[in-house]
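Every number here is computed from the coordinates shown, using simple stated rules; none is lab data. Note that the coordinates shown come from a computational prediction; the quantities given were computed from them, not determined experimentally. Cβ: placed from backbone, ideal geometry, glycine included. Neighbour counts: every protein chain shown.
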Amino acid sequence: MIDKRIPHTDLDRLLDRLGKRGAVYAPAKDEAGEAVLAAWPQSGPAVLEYRNFRLSPKALVLPQNQTLMCFKNGDVAEPALSDRETFLFGVRPCDARAMLALDKVFLGGDQHDPYYARRRAKMAVIALACARPTSSCFCTSVGGGPGDAAGADVLALTLDADLLLGAATAKGRELLASVADLLTDAPPAAVKEAEEQIQAAENQMAPVNVDNIALRLRDAYDSPLWETASQKCLGCGTCSYLCPTCHCFDITDDVRGGTVRRVRTWDCCAYPLFTLHASGHNPRPTAKERWRQRMMHKFRYAAENFDQLFCVGCGRCIRNCPVSMDLRTVLKEVGA
Amino acid sequence: MARNPYLPYPARIEEVAVENAARDIKTFRLAFADPESAAEFRYMPGQFAELSLPGLGEAPFGIASSPTEAGYLLFSVKRVGLFTGELHSLEAPAPIGIRGPMGKPFPWDRMAGKDLVIVGGGFAFTTLRAAIQYILDPANRARFGSLLVIYGARTPGELMYRKDLAEWQARDDLQVHLTVDEPDADWKQHKGVVTTVLEGLKPSSQNALAVVCGPPVMIRFALLSLGKLRFADDAIILSLEMRMKCGIGKCGRCNIGHKYVCRDGPVFTREELKALPVEY
Amino acid sequence: MSQTVAVQESASPGAWEPKVVAFLCNWCSYAGADLAGVSRIQYPPNVRIIRVPCSGRINPAFLLRALQNGADAVLVSGCHPGDCHYISGNLVARRKFALLRDLLQYAGIEPERVQFTWVSASEGGRFAAIVEKVVEQVRKLGPNRKLVKSP
Amino acid sequence: MIASHEIETRLREAAEGFLREKKVDIFLGYEKASFPFRTSPLFLSAAEKARRLVWNPFCTANLAVYLPRLFKAPADARAAKVAPPPPTVGVVVKGCDTRSVIALIQERQVPRDKLVLVGVACPGMMDARKAERALGSREALGAGEDAQGNLRAVVEDGTEVTLRREDVLADACLECRSPTPSIHDVLLGSPVEAKETDAARRRTAEFESKPADVRWARLQQALAKCIRCNACRQACPMCYCKDCLLDQTRPRWVGAGTDISDVTLYHLVRAFHMAGRCTECGACARACPMGIDARLLVRKLNLEVEDLFGYRPGAAVDAAPLLSAFTMDDPQEFLTEP
């Protein structure tokens, strides 16, 4: 519920205040002029005009390299898990929503993932609503929206020279209370205008039909579609590594001098080695099976296991595929 | 606080035995380094564990011992890659890590009171050995009906657990049929594939369950034979292999459809598998 | 096996000594190093020798891995042109080495850290002189900090 | 200069003819993508679908990358028995793509007699990323080119923006010295003059003029962005190895993660494996989702290859690949002497 207001000019003070409590990440421009989520404070004020970051913020909960344990002289040492709070400001609603998907994997089931759990528990997300979705955005089709607060603790949106804020969780209420002196009540007219702005953004987005997608995919398991759809796939990991919900990982041992680190690194279902048995057998031997797996995992298996699609419609995979593959085409064609 | 599921229990190798004539399968008897770890590691036959060697990583293996064999764990490992190659070079009392137990065991509740047919081939006999030892334990034997074991290998030298097999064949509370594709001069038992023996013995499917582990070809033909013998799909129990890393359903590579072999398997009934894509 | 293999881990603790990993071909350069040893020719004990079948066997990844694992320099030596036990292994390798050296230099790795030479089985003295030169150059450069994987 | 749409028409006719007359089993070209500055590779096997083919200044992909897998040898004798005969493949090639095809023929990865090369004299392709960056926060909804070859884009609010050709041409095209396919079965468009440009040399010299430590620092800064997605490798037609050294685990030459040392090793090894083989198409750099100039190191190697050995990758079908040949008087001034 959006009910608070802070002028843009005071945003830095808010971020500085959070910086006293822990690590803060906020939007900045990199040397190429592209928006990135970077550690605060930065050389200038936080950037508020951007579409989305090229990299999703998942690395902050699931780092691309994470030491699980160290072996030295016969002893095992677990790395100390940080107690430091982390505040993410400016994450887009799609990426905030993706955290909920990751939660299902790493916090659900019989076994919690302690490394993920700690980072997640210490994290507060201030999502920034989108006023200008891109042509590859389709969050509204997969359950989200440009003003969706799912996965966020606070939802913010920019309106003229102000930032409007509202808490979405207890953690978010606590966060806003801690900076209450910087905030004023948002006038109802501004809130209304904000809601209209979100509505306008929603209307801009071209819908993608994911009705019954799990069922449609189940029936299309043996469809020739997979062969043709995957033909041009190069087998790189761009789509997975940029995806905010892709979470598959590898565990390898890294030997440096007398120390062995057992390291978790991102992995990707497009790689042939992902499922290769030591015997040489590979249950997913070609791009066809691997690409099908990617689609099935996101739109069918995740729905079956977690009752949630593992796609938030951020469009990164579409925008960054070196051969311009577009999963929306497959979603449209499957079972059509 | 819950134990970190990525952290192996410390253990050491107590004994290494060569299992086959080709000398590429060894059985490792492992003991936990401390009683607390041993007490925490509670498992049932059919489950597996990740063995861990610092610097080489981890690899999953079915547990070849039964919990009734107290004080140690057995793992039979074929030398195929980097990890297993290094493991094969180790001797007692080398330290090793054990992470687990993982996955679902054989459906022991359902197996109670049933006649059991166990069909195994080659190297994939490890968890079947665990199951047989478990059933034969004096405290358990009365809970199960008849026990028929059919175990085949390419040559007599490739049959694993020779001592156990001899002991079982000397008992009268189970039937053990051994068969090889290529007998040597001393071989006096069956010749041919396990399915021939199975179809020859014609075990009844009434109130019976079949447990099948082996190479893919054997499984395919064993399923055909069991079908002929009218074993229903939910009366046939299989165990799958898959490349694994985390072992706890997170890392995302061992799935068949929406099931993770590490967490929802490795034991599946044929009925369960029929509902899944054939991607294994 | 030549005496050079027995390298002392630096004299006084904390004092840095160059570590040079030398990849020597089995037929010429390794024998040359051996001859240096049996002839009791003095040369710096900073070199660790890895014997390879032929300089043509050298994969650039060997050298990069050595640097990554903390070698201060790598030295590759094969038979003189025309002397290769496999006729032309060293000649094929020569092109690779020329390019690899240029690549690493371009990337900003000092050229003294990646060196190539030919040493025949009879050139014990030449081997010792080359090791002396390489170690001297690396000593001047100081420890390798590029590409080394931090612990 | 012949306009793109004329070439497009002739390309469709050619592809349709080849497919209808069964002169090719598969035709590789480009189709429309979801974004105006891009195209997507198209695998055609039906003549009636030839109208999906497009030709415009965004046909950047090097389609030679798909050839080795189409002609991949069966894994073993058993597979060979049941393997279908190799297909005949028609493929659209620009100057750089042709060099890749030649290099693949040199390395016996693809058979010339199974290829129908539809060459297009290439005026240079636009780099989608450069164009997107030039538009800043505005997104293009449509694109085309004007008579001078400048890029015209329609952005969200309906206004038209002109981007100067020189500003959006792909880096590899700015450095290209042989834009017209040197071998082909059909040539579309009038041959484009081979420009003896020294753009690559100037870029390399600029980097080289810096002290070693600065070069290293700049390399590390560029590679710090790398996410190890392998896109640079996968997009490269010359990276066809069945087991890439960078993936090997016995032993593992390069660590799996994004430790800067491992990332550097990855890029050094990848660059070195391109020595004498890189045909300068720029696919690696364009594929990089992080905007790393993946050609930084390879560009230098190619100049060395030319200066030391007088060799240009992908120039001649019958030339021996550079690193599988030698001469007695190859340069060896770099050797250490006592």
Hey, what does the equivalent ellipsoid look like for chain D, semi-axes from the Cα gyration tensor as sqrt of 5 times each eigenvalue, largest first, whole Å? 32, 28, 20
Assuming a strict under-17 Å limit between Cα atoms, what lysine pair count do you get for chain B once near-sequence pairs (fewer than 8 apart, same chain) are dropped? 12
Around A:Val334, what is the net charge, scoring Lys/Arg as +1 and Asp/Glu as -1 over all other residues with Cβ under 14 Å from its Cβ? +2
Where Lys and Arg each count +1 and Asp and Glu each count -1, what net charge lies around D:Phe18 among other residues with Cβ under 12 Å from its Cβ? -1
Reciprocal of mean inverse Cα separation for the protein assembly as shown (Kirkwood radius, Å): 32.7
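Mean shadow of chain C, computed from the convex hull of its alpha carbons, in nm²?
Dividing the Cα hull surface by four gives the mean projection, 8.6 nm².
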Three principal axis lengths of the range D:128-168 [C-alpha, angstrom, descending]: 25, 18, 11
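Take every residue in peptide B:256-263, count the Cβ atoms of other chains within 10 Å of its Cβ, and give the average of those counts.
Taking all residues of B:256-263 together, the mean is 4.
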What's the longest piece of chain D with no exposed GluC sites (Glu not before Pro), counting a site as exposed if DSSP puts it in a loop and it has at most 12 other beta carbons within 10 Å? D:22-192
Using Cα centres only, tell me the gap between the range B:33-48 and the range A:297-318 in whole Å. 36
At a Cα cut-off below 24 Å, give the lysines reachable from C:Lys146, other chains included and same-chain residues fewer than 8 away excluded. C:Lys19, C:Lys96, C:Lys133, D:Lys210, D:Lys225, D:Lys300
Beta bridge orientation in the protein assembly as shown: antiparallel %, DSSP, nearest 5: 55
Going by Cα centres, the range D:234-309 and the range B:186-214 are how many Å apart? 55
Exposed-loop cut sites defined as GluC sites (Glu not before Pro) in DSSP loop states with at most 12 other Cβ within 10 angstrom; longest site-free run of chain A spans A:50-336
For chain A, state the average projected area of the convex hull of the C-alpha atoms over all orientations, rounded to one decimal in nm². 19.6
Can you give the average number of partner chain beta-carbon atoms within 10 Å of each beta-carbon in peptide D:275-288, as a whole number? 2
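Hey, got the average number of other protein chain Cβ atoms within 10 angstrom for residues in D:206-212?
Working: counts 0, 3, 2, 0, 1, 1, 8.
For peptide D:206-212, the averaged partner shielding equals 2.
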Across 5 Å bins beginning at 0, the whole-percent shares of Cα-Cα pair distances in the range A:213-333 come to 2, 10, 19, 22, 21, 12, 7, 4, 2, 1, 0
For chain B, what is the convex hull volume of the alpha-carbon atoms per residue, in Å³? 134
Enumerate the lysines that A:Lys332 could reach by cross-link, defined here as Cα to Cα under 16 Å, with residues fewer than 8 away along the same chain left out. A:Lys298
Under 15 Å Cα-Cα from C:Lys140, which aspartates and glutamates qualify once same-chain neighbours fewer than 8 residues away are excluded? C:Glu17, C:Asp72, C:Glu110, C:Glu112, C:Glu132
Could the peptides B:171-183, D:218-230 be put in order, highest first, of the mean number of other beta-carbon atoms found within 10 Å of their residues? D:218-230, B:171-183
Separation of the range A:245-267 and the range D:90-125 by C-alpha centroid, Å? 40
Let me know the Rg and Dmax you get for the range A:4-204 when you use only its Cα atoms, in Å. 17.8, 66
Pull out a ≥ b ≥ c, the square roots of the eigenvalues of the alpha-carbon gyration tensor of the range D:134-206, then state rounded if a/c is under 1.5, prolate if not and a/b is larger than b/c, and oblate in the remaining case. oblate
With only alpha-carbon atoms in the gyration tensor, what are the semi-axes of the equivalent ellipsoid for the range B:9-101, in Å, largest first? 20, 14, 12
What Cys residues in chain B are without a partner cysteine, judged by a Cβ distance under 4.7 Å? B:Cys213, B:Cys254, B:Cys262
May I ask you to list the trypsin sites (Lys or Arg not before Pro) in the range A:239-297 that are in a DSSP loop and have at most 12 other Cβ atoms within 10 Å of their Cβ? none
Considering the alpha-carbon set of the range A:144-302 alone, what are its Rg and its Dmax in angstrom? 22.8, 67
